[in-house]
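Let me begin by presenting the structure, written as structure tokens, before commenting on it.
The values are calculated or read from the model by the stated rules, or taken from the named source; none is laboratory data. Keep in mind that what you see is a predicted model, and the values were worked out from it rather than measured. All Cβ positions, even for glycine, are placed from backbone atoms using ideal geometry, and neighbour counts span all protein chains on display. For accessibility, only protein heavy atoms count, side chains too; no ligands or nucleic acids. Shrake-Rupley method; radii C 1.70, N 1.55, O 1.52, S 1.80 Å.
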Amino acid sequence: MASDALPPCSRNASKPGLAHIISSNKEHPMPTYDLLLLPGDGIGPEVMAEASRVIEWLNAHGTATFNTDSDLVGGSAYDEHGEAIADATVDKALAADAVLLGAVGGPKWDGVTYEARPEAGLLRLRKDLQLFANLRPAICYPALADASSLKREHVEGLDIMIVRELTGGVYFGEPKEITDLGNGQKRAVDTQVYETYEIERITRVAFDLARKRGNKVHSADKRNVMKSGVLWNEVVTRVHADEFSDVQLEHILADNCAMQLVRNPKQFDVLVTDNLFGDMLSDEAAMLTGSLGMLPSASLGATDENDRRKALYEPVHGSAPDIAGSGVANPIATIASLAMALRYSFDMGAEADLVENAIAGVLNKGLRTGDLMQDGSQTIGTTAMGGAIIAEMEALSA
Ligand code: NAD
């Protein structure tokens with residue numbers, strides 16, 4: 001499916017120099033992209049401010065111009081509009097080339113109705129933009145290998161891409177209810193349901209990514225006990241044979257996958273799985289890499305008739321109310337989410353590499369926010385970390 005193909009994924013490819021960026025700038029007219037920024041709540045605005053500085057740098061030095069607009073989501077939207085996201089904000093997200101979100105939530109909104117809770121804004125965005133593919137890289141920067149719960153040799157250089165189906169499965173299947181049986185007992189039902197097209201489209205995203213990485217896909221299911229697993233396995237096998245036979249495919253039972261992730265995580269390249277297993281396995285893989293403050297994510301929809309793919313990029317972490325306002329939050333997950341946007345929405349692989357290499361460079365120099373502290377490293381705050389990453393981008397581009 002050429003029209004559905006993702007742009008190249010070349011993490012840590014050769015060092016992208018400013019000369020390269022400027023020369024491609026001369027050869028091609030500079031494209032302009034609309035990027036909607038939704039900082040959200042808690043540390044969201046703090047980490048988004050640092051991503052915004054990176055965008056400003058790219059505008060001054062890059063191959064594209066980003067027109068940014070900023071709006072409210074989560075608790076901050078509730079305070080303003082009485083709902084977790086306004087219709088006008090959703091319209092802006094639908095019109096934008098990509099959305100970058102900070103984080104939502106916090107104890108301030110614990111008492112609001114279920115429908116208006118901060119997370120409802122995020123869920124509505126995922127639903128209205130039809131973001132069915134959640135990409136969560138689990139990358140272990142060598143400088144942080146000792147922060148993992150596993151031994152250095154198991155995680156150093158780890159680079160897994162987990163592709164989780166995000167809009168189907170047991171979280172959305174009907175019936176979904178609790179019935180009072182009238183005899184002092186209740187029955188709770190959730191329904192795990194998948195249709196062929198849902199499995200086909202997520203499978204294609206996974207294989208397409210694998211072609212641009214290590215060319216290997218593991219597909220995790222529970223075909224031994226679940227009918228949805230039987231169909232999942234059948235569809236993945238067919239899509240592989242018909243369209244991606246050049247990519248190595250291994251089927252793995254989801255429980256064994258959970259075990260293999262802590263036994264020998266470097267055996268994985270791309271891991272595709274359903275909504276429920278993806279929720280669990282991506283959190284497990286995340287912890288292999290050290291801190292929540294390091295983890296980016298992307299949620300992608302289908303391509304439209306103009307080959308544009310709706311996309312939302314966000315750090316995996318929440319609004320961290322315990323540290324909000326104190327200037328110590330780690331902005332790396334948000335800046336790395338912006339790098340994913342450069343790669344997957346704007347086909348700017350060289351610039352994505354530049355941002356990711358700058359993050360690695362800053363970590364190699366021993367600069368750390370408080371969540372990453374190690375013996376012998378230097379603690380810096382949110383703004384200093386953003387500044388250090390930009391300085392490193394400058395140095396790598398010189
Ligand atoms: P959290 O991710 O906000 O925080 C967990 C711990 O990690 C905290 O100790 C926090 O200080 C730390 N932490 C998180 N991000 C960090 C960063 N960038 N730099 C340094 N330290 C960081 O999870 P939580 O405490 O369970 O949830 C807090 C709020 O966030 C809740 O309202 C929750 O619903 C919401 N939440 C939102 C999202 C989202 O917006 N996608 C995701 C998870 C939780």
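Summary of computed values
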item: Odd one out for Val355 among (1) open to solvent by 10 Å² or more (accessible area, probe 1.4 Å); (2) more than 12 Å from the ligand (Cβ to nearest atom); result: (1)
item: Some residue of the range 334-343 being open to solvent by 30 Å² or more (accessible area, probe 1.4 Å), in the same structural domain as Leu122 (by TED's automatic domain parsing) and at pLDDT below 95; result: no
item: Number of positions in the range 34-47 that are farther than 12 Å from Ala320 by Cα, surrounded by fewer than 23 Cβ atoms within 10 Å (Cβ to Cβ) and within 13 Å of the ligand (Cβ to nearest atom); result: 0
item: Matching option when the condition is assigned by TED's automatic domain parsing to the domain that holds Ala395 and either touching a residue at least 24 places away in the same chain (Cβ under 8 Å) or assigned to a loop (DSSP other than H, G, I, E, B) (or both), among Ala60, Ala84, Ala88; result: Ala84
item: Some residue of the range 97-114 being away from the ligand (no atom under 15 Å from the Cβ) and under 30 Å from Asp208 (Cβ atoms); result: yes
item: Helices (runs of 4 or more DSSP H) wholly inside the range 291-398 that include at least 1 residues being closer than 27 Å to Gln130 by Cβ; result: 332-344, 349-364
item: Residue within the range 173-188 that is hydrophobic (A, V, I, L, M, F, W, C) and either outside the structural domain of Pro265 (by TED's automatic domain parsing) or touching a residue at least 12 places away in the same chain (Cβ under 8 Å) (or both) present; result: no
item: Test: residue in the range 312-324 that is open to solvent by less than 10 Å² (accessible area, probe 1.4 Å), under 17 Å from Leu6 (Cβ atoms) and within 11 Å of the ligand (Cβ to nearest atom); result: yes
item: Residues (touching a residue at least 24 places away in the same chain (Cβ under 8 Å), open to solvent by 30 Å² or more (accessible area, probe 1.4 Å) and away from the ligand (no atom under 15 Å from the Cβ)) located in the range 281-308; result: Glu284, Ala302, Thr303, Asp307, Arg308
item: Selection status of Asp371, under 30 Å from Val193 (Cβ atoms), open to solvent by 30 Å² or more (accessible area, probe 1.4 Å) and within 11 Å of the ligand (Cβ to nearest atom); result: no
item: Search result, residues across the range 195-207 that are open to solvent by 20 Å² or more (accessible area, probe 1.4 Å) and in contact with a Leu (Cβ under 8 Å, 6 or more places away or on another chain); result: Thr196
